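**Q** Handing you a structure now.
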Amino acid sequence: MIDKITKIADEIEDKIINYRRDFHHYAERGWTEFRTASLIARRLTELGYSVKVGKAVISEVDRMGVPEDEELQKCWNSAVEQGGDKEFLNKMKGGFTGVVGTISNGDGPTIALRFDIDALEISESKEKNHRPFREGFDSVNEKAMHACGHDSHAASGLGIAEILVSLKTYLKGTVKLVFQPAEEGVRGAKSIVKAGVLDDVQYLIGHHVCTGWKTGEISSGMGGYIATKKFDAVIKGKPAHAGGSPQEGNNALMAAATAILNLYAIPRHGEGVTRINVGKVIAGTGRNVICDEAKMVIETRGADTKISEYMYEKAVKVLEKSAEMYDCKVEIKRMGEAQSGESDGEFSKIVEYTAERIGGYTLIPENRSKGSEDFTYMMEKVQKNGGKAVYIGVGADYHGTSYFDKENKDNILIAHSHNFDIDEKAIKKVLILITAIVFSIVDSSL
């Protein structure tokens, strides 16, 4: 079976790399991935998958951090102009950019594979040493760049879809390919979970390409993700002339300043790490005007979901009391959430066993993240239902550099940077490994 998978992967590698470059060229941010998602849906349909999109796979009330209607419409119009599939675009209006393709063959387990598809709000480098710019596939969309590898994830999903179709007669059970919007800012996974997409799933596989790891290096089961809440707080007061009648105003800027100092003073939790950050503040209109509105962009984190809730609840109380001190009001809007999460050890062993059978992969030491990932919502859902979930790291460093190589680590193109890029040879590694894991699950003898 591995020989069959490898042969097909060899044959389609160039095509899948071209998919990656196309998605990179037309990068789209979270909830606006209209062109990307519509083309994914069209390709899955052409391959013979049962395809669901839009509100069929996204719970509207559980979306977080959705752009304003005007921005959504602008991006939808752009997707039309840039060659999106009109049939599917019409089903995604309003920012419902999820896609699920399903393939089945007889009795067997239900396996879900997750691929995130969104770009970041970053302006891409226009320097000659940046390959996408040099070779003409840098992003044409303003402040939208695939600076984290999700373009390769989306392309890999289509490659795996093609291999599974070619080998369908060997498949036992059902495979769902879940193309998730809005991972950045941890905004999208919860809405897919709440839509019921994973209710019947017994095995869940996610992956992420990793710069700082050489191509061929893998982590068989990433974990240590800490829970987080992202939210905006808008304090509303009352304007007044700062010289003539300051007593008539309710100073939102002072309320925000008070809140910021006290947010950082929240007592830490004895059962695990905690984090809080006020990353942005927008306030004030003029030197002689009492500020009537202040907006803060905030995140809290905790070692597990309980500790994350502790930090969030304390933060809300600080914000409410700080606003009250200055006779202001505060509105809090959730913008993203993720749970804590761990890969299943038994499932990780399947990944290791499969990689060893294929050959050409090197297992790196256990990877413990210090960040957050909304795939954890999906992991939690499947695990609570008695299933197993794994999140695989796949080396894809453009310069072939590793964090373990202390002398050359400055060459690493860091994720979320304007000059990010990957080694595209890693894409075939992903196709072969994940497809082989699927077949290892349905029939270990293959």
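**Q** Find the relative contact order for region 80-160 and round it to a whole percent, using C-alpha pairs within less than 8 Å whose residues are 6+ positions apart.
**A** 29
**Q** When a/c is below 1.5 the answer is rounded, else prolate if a/b is larger than b/c, else oblate, so apply that to region 1-149 with a ≥ b ≥ c taken from the square roots of the Cα gyration tensor eigenvalues.
**A** Because a/c hits 1.5 or more and a/b fails to exceed b/c, region 1-149 counts as oblate.
**Q** I need the shape label for region 95-200. Rule: rounded when a/c is under 1.5, else prolate if a/b > b/c, else oblate, with a, b, c from the alpha carbon gyration tensor.
**A** Oblate shape, in that a/c is at least 1.5 and b/c is the bigger or equal ratio.
**Q** Right, another one. Among L433, A415, F347, whose Cα sits farthest toward the positive end of the charge dipole of region 347-446 (+1 at Cβ of Lys/Arg, -1 at Cβ of Asp/Glu, about the Cα centre)?
**A** Selected residue: F347.
**Q** Using alpha carbons only, how many degrees (0 to 90, rounded to 10) separate the axis of helix 345-358 from the longest principal axis of the chain?
**A** Result, in degrees: 50.
**Q** Can you work out the accessible area per residue across region 201-258, with the rest of the protein chains kept in place, probe 1.4 Å, in square angstrom?
**A** On the way: 1840 Å² over 58 residues.
I get 32 Å² per residue for region 201-258.
**Q** On to the next question. Taking only protein heavy atoms and a 1.4 Å probe, what accessible area per residue, in Å², does region 319-446 have with all protein chains in place?
**A** On a per-residue basis, region 319-446 sits at 48 Å².
**Q** Please calculate how many Å² of accessible area region 1-74 carries per residue, with a 1.4 Å probe and no DNA, RNA or ligand atoms counted.
**A** About 45 Å² of surface per residue is accessible.
**Q** Give the carbon-plus-sulfur fraction of the accessible surface of region 376-429 in %, rounded to a whole number; probe 1.4 Å, heavy atoms of protein chains only.
**A** The nonpolar share, carbon plus sulfur, comes to 45 percent.
**Q** Give me the percent relative contact order of region 124-233, please, defined on Cα pairs under 8 angstrom at least 6 residues apart.
**A** 17
**Q** Moving on. Please find, in a Gaussian network model of the chain (springs between Cα atoms separated by less than 10 Å), the residue of G237, G84, G188 whose mean-square fluctuation is greatest.
**A** Sorting by GNM fluctuation, first place goes to G237.
**Q** Now a separate question. Hey, what do the phi angles of region 269-277 turn into as Karplus ³J(HN,Hα) couplings, whole Hz, using 6.51/-1.76/1.60 and θ = phi - 60°, x for Gly and Pro?
**A** Along region 269-277, the couplings run 9, x, 9, x, 5, 9, 9, 8, 8 Hz.
**Q** Taking only Cα atoms, what is the 0 to 90° angle, nearest 10, from helix 69-81's long axis to the longest principal axis of the chain?
**A** So the helix axis and the longest Cα principal axis differ by about 30 degrees.
**Q** Let me ask you something else. Given charges of +1 on the Cβ of Lys and Arg and -1 on the Cβ of Asp and Glu, with all other atoms neutral, how large is the dipole of the chain about its Cα centre, in debye to the nearest 20?
**A** 440
**Q** Tell me the label only: which of [x] -0.48, -1.02; [y] -0.41, -1.02; [z] -0.49, -1.12 is log10 I(q)/I(0) by the Debye sum over Cα atoms at q = 0.08, 0.12 Å⁻¹ as calculated from this structure?
**A** Recomputing log10 I(q)/I(0) by the Debye sum over Cα atoms at q = 0.08, 0.12 Å⁻¹ here picks out [x].
**Q** Also: Given a 1.4 angstrom probe, I'd like the percentage of the accessible area of region 43-146 that is carbon and sulfur, rounded to a whole number.
**A** Ligands and nucleic acids excluded, carbon and sulfur reach 43 percent.
**Q** Using alpha carbons only, how many angstrom separate the centre of region 155-206 from the centre of region 69-117?
**A** 12
**Q** State the Kirkwood hydrodynamic radius of region 168-209 in Å, one decimal place, computed from all pairs of distinct Cα atoms. Spell out each step's value before the answer.
**A** Values: mean 1/r = 0.0820 Å⁻¹.
Value: 12.2 Å, from the Cα pair sum.
**Q** Convert each backbone phi in region 252-265 into a coupling constant with the Karplus relation 6.51 cos²θ - 1.76 cosθ + 1.60 (shift: θ = phi - 60°), then list the ³J(HN,Hα) values in order as whole Hz, x for Gly and Pro.
**A** With the stated coefficients, region 252-265 comes to 5, 5, 5, 5, 5, 4, 4, 4, 4, 4, 7, 4, 6, 9 Hz.
**Q** Between S50 and residues 5 or more places away or on another chain, which pairs have amide H atoms under 5 Å apart, with H built 1.01 Å from N, and which residues are they?
**A** Amide H neighbours of S50: T102.
**Q** Relative to the first principal axis of the alpha-carbon coordinates of the chain, what is the inclination of helix 150-166, with its axis defined by its Cα atoms, in degrees from 0 to 90 and to the nearest 10?
**A** With both axes taken from Cα atoms, the answer is about 30 degrees.
**Q** Further question on the same structure: Roughly how many percent of the accessible protein surface of region 212-369 is carbon and sulfur, given a 1.4 Å probe and a whole-percent answer?
**A** C and S atoms contribute 50 percent here.
**Q** Here's something else I'd like to know. Please label the shape of region 339-444 as rounded, prolate or oblate, based on the square roots a ≥ b ≥ c of the eigenvalues of the alpha-carbon gyration tensor (a/c under 1.5 means rounded; beyond that, a/b larger than b/c means prolate, else oblate). Walk me through the intermediate numbers first.
**A** Details: a/c = 2.12, a/b = 1.39, b/c = 1.53.
It is oblate, given that a/c is not under 1.5 and a/b is not larger than b/c.
**Q** Which listed residue (T215, Y170, A182) has the Cα farthest towards the positive end of the charge dipole for region 143-238, taking +1 on Lys and Arg C-beta and -1 on Asp and Glu C-beta about the Cα centre?
**A** Towards the positive end, the residue furthest out is A182.
**Q** Please list, ordered by chain and number, the residues whose modelled amide H lies under 5 Å from the amide H of G336; skip anything fewer than 5 residues away on the same chain.
**A** Result for G336 returns K230.
**Q** Here is a further query. Measuring from centroid to centroid over Cα atoms, what is the spacing of region 214-249 and region 331-379 in Å?
**A** Region 214-249 and region 331-379 have Cα centres spaced 26 Å from each other.
The values are calculated or read from the model by the stated rules, or taken from the named source; none is laboratory data. Not measured: the values here are computed from a predicted model. FYI the Cβ positions are ideal-geometry reconstructions off the backbone, even for glycines, and counts take in every protein chain you see. With ligands, DNA and RNA removed, areas are computed over all heavy atoms of the protein, side chains included. Shrake-Rupley method; radii C 1.70, N 1.55, O 1.52, S 1.80 Å.
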